[in-house]
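The values are calculated or read from the model by the stated rules, or taken from the named source; none is laboratory data. These numbers come from a predicted model, not from an experiment. When we count neighbours, we look across all protein chains shown, and the Cβ atoms used for this are built from the backbone with ideal geometry, even at glycine.
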Amino acid sequence: MEDKPHGIRFRTIIEMIGKPREHIEKTIRDYVETIREDSEYILLNEKFAETVEHENLWSTFAELEIVCKDISKLVIFCFDYMPASIEILKPDNFSMEKHVITGFLNDLQARLHNVDMVVKKLRAENEILRKNMNLSIENQISVLLKLNSMDIETLSTYTGINNEELMSFLNKMITSEKIKIDGEKYSLIKNE
């Protein structure tokens, strides 16, 4: 009688990047602790890398060796913990019955649909925020120009928006005939 493997043993890399350094170092340790406390996984080994600076951000990673019950738990690990990489150490081969694969694929599809819904919701919220931010900036420009005609440098100082980004708002407002430019000064078009 063939001895069945007792779960899946895998090595994984969890990466963190951000700042400040102390926050990244604490966050990765807390993240690994969350994995340790997850009853679906047995954390066998952990190694934390040195934290290094890259272009004003700090990065580090942890290499973990973990055991889980089956392939579906491994896939769930990937969704829940977003590792940078996975290497299956044991077993060398997998044999699964069709009902197990069917259940696994349905679970995977459900998770993908959930991720898709979250992305769509965030995209819609982002679009609303972008529109509101653009309207707010145009309103700020209109209020400033109602007080006095201004050049782009002055508008940039008051709005806190750099000249290049501000220029796209000014051009849009000129096209929609909300403001006009005379020489280097912008002014509000008065509604009759």
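The figures follow:
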| read-out | value |
| --- | --- |
| Criterion (surrounded by fewer than 11 Cβ atoms within 10 Å (Cβ to Cβ) and out of contact with any Gly (no Cβ under 8 Å at 6 or more places or on another chain)) met by exactly one of GLN140, GLN109 | GLN109 |
| Which listed residue is under 26 Å from the mean Cα position of the chain (by Cα) and under 30 Å from SER72 (Cα atoms), from LYS121, LYS131 | LYS121 |
| Qualifying positions in region 153-164 - surrounded by fewer than 17 Cβ atoms within 10 Å (Cβ to Cβ), under 32 Å from the mean Cα position of the chain (by Cα) and over 16 Å from ASN139 (Cβ atoms) | THR157, ASN162, ASN163, GLU164 |
| Criterion (out of contact with any His (no Cβ under 7 Å at 6 or more places or on another chain), at pLDDT 95 or above and under 30 Å from ILE189 (Cβ atoms)) met by exactly one of ILE137, ILE66, ILE128 | ILE128 |
| Strands (runs of 3 or more DSSP E) enclosed by region 49-98 - at least 2 residues per element that are closer than 15 Å to ARG9 by Cβ | 57-68, 85-90 |
| Selection status of SER136, of a type in the set (Ser, Thr, Tyr) and either in contact (Cβ under 8 Å) with a residue 12 or more places away in the chain or touching a strand residue (DSSP E or B) at 6+ places or on another chain (Cβ under 8 Å) (or both) | no |
| THR12, sole failed condition from (1) under 26 Å from ASP116 (Cβ atoms); (2) polar (S, T, N, Q); (3) part of a helix (DSSP H, G or I) | (3) |
| Any hit, region 21-28, residues being at positive phi, out of contact with any helix residue (DSSP H, G or I) (no Cβ under 6 Å at 6 or more places or on another chain) and modelled with pLDDT under 95 | no |
| Single unsatisfied condition, ASN93 versus (1) surrounded by 10 or more Cβ atoms within 10 Å (Cβ to Cβ); (2) closer than 26 Å to LEU64 by Cβ; (3) free of Cβ contacts under 8 Å to residues at least 24 places away in the same chain | (1) |
| Cβ-Cβ under 8 Å pairs, at least 6 apart or on other chains, region 180-192 side assigned to a loop (DSSP other than H, G, I, E, B), far side exposed (fewer than 14 other Cβ atoms within 10 Å of the Cβ) and at pLDDT below 85 | none |
